[in-house]
Each structure stands twice: as structure tokens, then as C-alpha cells.
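To start, the structure under review is shown below, and the notes come after it.
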Amino acid sequence: MKFDIAAADELLATTRAVRKRLDLGKPVPRRIIKECLELAVQAPTGSNSQGWRWLVVEDADKKAELAKLYRRAGEEYLLGDLAGTPDAQTKRVQTSAVYLMEHLHEVPVHVIPCLAGMPAGEIHTAQAAGAFGSIFPAVWSFQLALRARGLGSTLTTLHLACEKEAAELLGIPDNVRQVALLPVAYTLGTDFKRAARGPIEEITHWNQW
């Protein structure tokens, strides 16, 4: 198969973290979520472990409870640690993140990617790299698949400060570890652009640091 490189590059370069432009009023069919998850699990995974698990939350009451946990963890960070930042770009991200915190319960679908068999507590760097490296490629593939279908998301981790409470709320077993929460919705418009990034030459080293 000959790939359309320009289309692939555009998808990769314009899949943004979407918060303010999530369409809170448009339902997301389960069919779309399933299609994107089927593509997500084609991603590589360490030792072909395929330990990914996906919890899709549509229930309004459960989303509301998750949003409360998210707010509890997020208020101190978003309204405290980041509130006084002088950097304009960081300020825009902070404003956007606060918007999501205040409207998370309204987002049509919450998707929580998880890892089965990952032990609780701290783990060695090599174990962490192998574990998270076996789920985040699939998460990114899921987000790319959403973008290709006119939907958006952003990878959030704030609710993990209340991971145990979220696990109790959702009935997640002790041997399954949550790694993120993705709010998923159609987007208000699809005209996303490339982000401003510094020159690759400033952050790339060849053969030696």
C-alpha cells in the first residue's frame, strides 16, 4: 500500500490536546469509540503483553463523580501552582485546563486506559518504562483515530491523585492500574493547526550529548 504521506503528516502534526473546543452537547456513538479502540490495540506493546484495558464511562452520575475527584486534585495545581505563571503560552494552557476541570462532567465520554497486572506503588525505572511504553502508544493511536473522525481528546492524569477512589467508583480490580483519563467528544470545528515548537537542532543530539 502506498500511503498518503501528506495526509498522515497532517494528522500527526495537528492532533492537539482539545479542551475548550470539545462539543459538550453532541453525543458520541459507541460505534465510534469501538472503531478507535480497535485501531488503538494495533499499537506495539512490550513483550506482546497486550495488557491494555479500557474503561469507557458514559453514565452521567459516574462522570460527575469522576469530575469531582478531578477537581479535588486539580484545583491546587491549576489554580495555585500555575496561576501565577508569567509565561503566555503556559497561561493559555492553564486557562484551558481550568475550563476542562469545570466542564469535565459534561463531556460525553470519559475513556480511562488501564494496564492489567501492573503492581501498585513505586516501580523501578526500567519496569515503569516497559509498562507505560506498552499502553501510551495505544493511547496515542486512539487519539489519532478520534481526530481522523472529527473527534478530540486530551490526555489527563489529575484524577490519578484519587486513583483508589476512582477504582472503587468504577469497580476496577486491584491488579489493574489506571494510567490516564481521556475526555472524548466531537470537536467544534476541525481546523486545528501545528503548534509552535522550537528548532529540532536545539533538542537533538547525535551520538553523544
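Against the definition (closer than 24 Å to PRO27 by Cα and not small (Gly, Ala, Ser)), how does LEU151 come out, yes or no?
On the way: closer than 24 Å to PRO27 by Cα: yes; not small (Gly, Ala, Ser): yes.
The answer is yes for LEU151.
How about the range 121-146: which of its residues are over 16 Å from TRP52 (Cα atoms) and modelled with pLDDT under 95?
Narrowing the range 121-146 to residues over 16 Å from TRP52 (Cα atoms): 121-126, 144-146.
Hits for the range 121-146 are GLY121, GLU122, ILE123, HIS124, THR125, ALA126.
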Name every residue in the range 42-65 that is under 15 Å from the mean Cα position of the chain (by Cα) and touching a residue at least 60 places away in the same chain (Cβ under 8 Å), in order of residue number.
-> TRP52, ARG53, TRP54, LEU55, VAL57
Give me the pairs: first residue in the range 86-103 and touching a residue at least 60 places away in the same chain (Cβ under 8 Å), second residue of a type in the set (A, V, I, L, M) and surrounded by 15 or more Cβ atoms within 10 Å (Cβ to Cβ), beta-carbon distance under 7 Å, and six or more apart or on different chains, which are they?
-> ALA97/LEU78
Out of curiosity, is LYS2 of a type outside the set (Phe, Trp, Tyr) and not in a helix (DSSP H, G or I)?
-> yes
LYS91: passes all of (1) farther than 21 Å from VAL179 by Cα; (2) assigned to a loop (DSSP other than H, G, I, E, B); (3) more than 18 Å from the chain's Cα centre (by Cα); (4) not aromatic (Phe, Trp, Tyr) but (2)
With respect to SER96, determine if the residue is assigned to a helix (DSSP H, G or I) and closer than 15 Å to TRP52 by Cα.
-> no
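The values are calculated or read from the model by the stated rules, or taken from the named source; none is laboratory data. Everything quoted here is computed from the prediction, not taken from an experiment. Cβ sites come from the backbone with ideal geometry, for glycine too, and all protein chains shown count toward neighbours.
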